[in-house]
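Beneath this line is the structure, given in structure tokens, with notes to follow.
The values are calculated or read from the model by the stated rules, or taken from the named source; none is laboratory data. The structure presented is a predicted model; accordingly, all values stated were derived computationally and were not measured. All Cβ positions, glycine included, derive from the backbone under ideal geometry; neighbour counts span all protein chains shown. Heads up: the accessible areas ignore ligands, DNA and RNA and are worked out on the full protein's heavy atoms, side chains in. Shrake-Rupley method; radii C 1.70, N 1.55, O 1.52, S 1.80 Å.
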Amino acid sequence: MELVVARIGRAHGIKGEVTVEVRTDEPELRLSPGAVLKTEPATAGPLTIETGRVHSGRLMLRFAGVKDRTGAEALRNILLIAEVDPAELPEEEDEYYDHQLMDLDVVLEDGTEIGRITEISHLPSQDLFIVERPDGSEVMIPFVEEIVAEIDLEEQRCVITPPPGLIDEREAVIVSTRDEAPARDEDSGDSA
């Protein structure tokens, strides 16, 4: 099974190094020197990682055969893809690979069917499940422990406890004070 593990960013320096946007929870396993990665587009690879280091909080990689800034710049925005055994599980107990979560049935705690996970969107602040409802519409569920109560891979289901309005807009609670008139203090000494 293939997993996207990073996207190549800008060139760094003049010796062929690039920044990478990491898309895996296990960069030390997937993006270590010697790793051979497929690419998207496929014509850009495969690429073999020659060196890796962290600089100012960003992962920097250099690939075999890429020796200068021009070669590094040509790799910008290419996706790096690792081959992963489908039976392999993440190191942490509460972590999941995308392929494990795809097509899970999403239900409320009382068993009410919401839909099934058709896509997982990885955003900077959190991951989102894109859930296709039985009527064909979609709803986005933040993959946070306050909402996702349980992932049961054996039963192929995801149990959620959504706040009001996440699933049904009619249940939304609107909290706004901008429409309220400001309170008037009658003892302020203002005269009309």
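Structural remarks
- Sequence-distant contacts, meaning Cα pairs under 8 Å at least 6 residues apart, place the relative contact order of the range 119-158 at 25 percent.
- Spacing of the two label points (7 Å from each Cα toward its C-beta) at residue 161 and residue 130, in nm: 2.9 nm
- Extension gain, residue 151 back to residue 43 (0.36 nm per residue minus Cα-Cα distance, nm): 35.2 nm
- Neighbour net charge for residue 50 - beta-carbon separation under 12 angstrom, K R +1, D E -1: +3
- For the range 9-60, accessible area per residue (1.4 Å probe, heavy atoms of protein chains only), Å²: 57 Å²
- Carbon plus sulfur fraction of accessible area for the range 3-60, probe 1.4 Å, in percent: 54 percent
- Rounded percent of accessible protein surface that carbon and sulfur make up, the range 90-142, 1.4 Å probe: 42 percent
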